[in-house]
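Working notes, beginning with the structure itself.
The values are calculated or read from the model by the stated rules, or taken from the named source; none is laboratory data. Everything numeric in this text was worked out from a predicted model, so none of it was measured. Quick reminder, even Gly has a Cβ in these numbers, built from the backbone with ideal geometry, and neighbours come from all protein chains shown. Each accessible area value is taken on the protein alone, full model and side chains, heavy atoms only, with ligands, DNA and RNA left out. Shrake-Rupley method; radii C 1.70, N 1.55, O 1.52, S 1.80 Å.
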Amino acid sequence: MATLQEEISRRRTFAIISHPDAGKTTLTEKFLLYGGAIAQAGEVKGKRERAAKSDWMEIEKQRGISVTSSVMQFQHGGYCINILDTPGHQDFSEDTYRTLMAADSAVMVIDGAKGVEPQTRKLFKVCALRNIPIFTFINKMDRETRDPLELCEAVERELGIDTYPVNWPIGCGKEFAGVYDRDKRCILHFTDAGHAKKAGITEIELDDPALVDLIGQARRDTLADEVELLGAGRDFDLDAVRCGKLSPVFFGSALTNFGVEPLSWLLQHQAVNIHWVPCSIMWHFTR
């Protein structure tokens, strides 16, 4: 029988925050999918037959929006994972503010085409007051987006937090071909879209001649230049992440399930709180 302290120490709680329609609830669904809590992700879209699990109220199912915070819990790797899906609309923001008081960390979802939006700024400030560790997921890379470097600079400029891209996107929209893993120094090339638990992924080195066949010479050369540019940026600082001063950034598409798996490691491997750092980040930078 586990003691009370043991039960407390194995619990990890994430809040998912964003401006309305950035893809917050869709990302939550994919976290549940990767965590094994559900077998099939629902559609975050009004009047669809299969609604998102976190949108349980009838108005949420009809309008395709979250109007109240939802808590989804599952067991994984000996830990009890709590995911807090919060409303993005300002009309229901008071519920979100209260929910953030219970969060160990936050995943901030940003629409890659719109960048940092008003409600995101408000929710970020609430997290910043408590020095909550914040992980950024730049979503909707399957659509036309702003320049990735510009998006990271916007986060730093508008929110006052440093960023460290853990991975880097290869193209966007129909040209979105995958991400570059900075620690493993390899490309995760996406070969199959969809809502399956695991999208088709091919790992390939940046200097592998076969990469040109996958993404083309022009994109390969552009990626090489961007990776070199990233190397001139700031280093990863574990203490800064813990204090909410540095945000690890991930790129992907929650809808098509591209790029979600690297971020899902935050939930599957000892998720973060004020005193801990997720094993995904530890694995990236301390092995």
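Within the range 201-249, track down each residue that is in contact with a helix residue (DSSP H, G or I) (Cβ under 6 Å, 6 or more places away or on another chain) and farther than 30 Å from N131 by Cα.
Correct list: I204, L211, V212, R220.
Look at V116 and say whether it is at pLDDT 95 or above and either within 20 Å of T26 (Cα to Cα) or surrounded by fewer than 18 Cβ atoms within 10 Å (Cβ to Cβ) (or both).
Answer is yes for this residue.
Considering R143, R121, which residue is assigned to a helix (DSSP H, G or I) and either among the hydroxyl-bearing types (S, T, Y) or surrounded by fewer than 17 Cβ atoms within 10 Å (Cβ to Cβ) (or both)?
The match here is R121.
If you go through the range 1-18 one residue at a time, how many are open to solvent by less than 60 Å² (accessible area, probe 1.4 Å), polar (S, T, N, Q) and in a loop (DSSP other than H, G, I, E, B)?
Residues flagged as open to solvent by less than 60 Å² (accessible area, probe 1.4 Å), polar (S, T, N, Q) and in a loop (DSSP other than H, G, I, E, B) within the range 1-18 amount to 0.
Take the residues in the range 254-287 that are modelled with pLDDT of 55 or more and touching a Gly at 6+ places or on another chain (Cβ under 6 Å); name whichever of them is farthest from V107 (Cα to Cα).
F258
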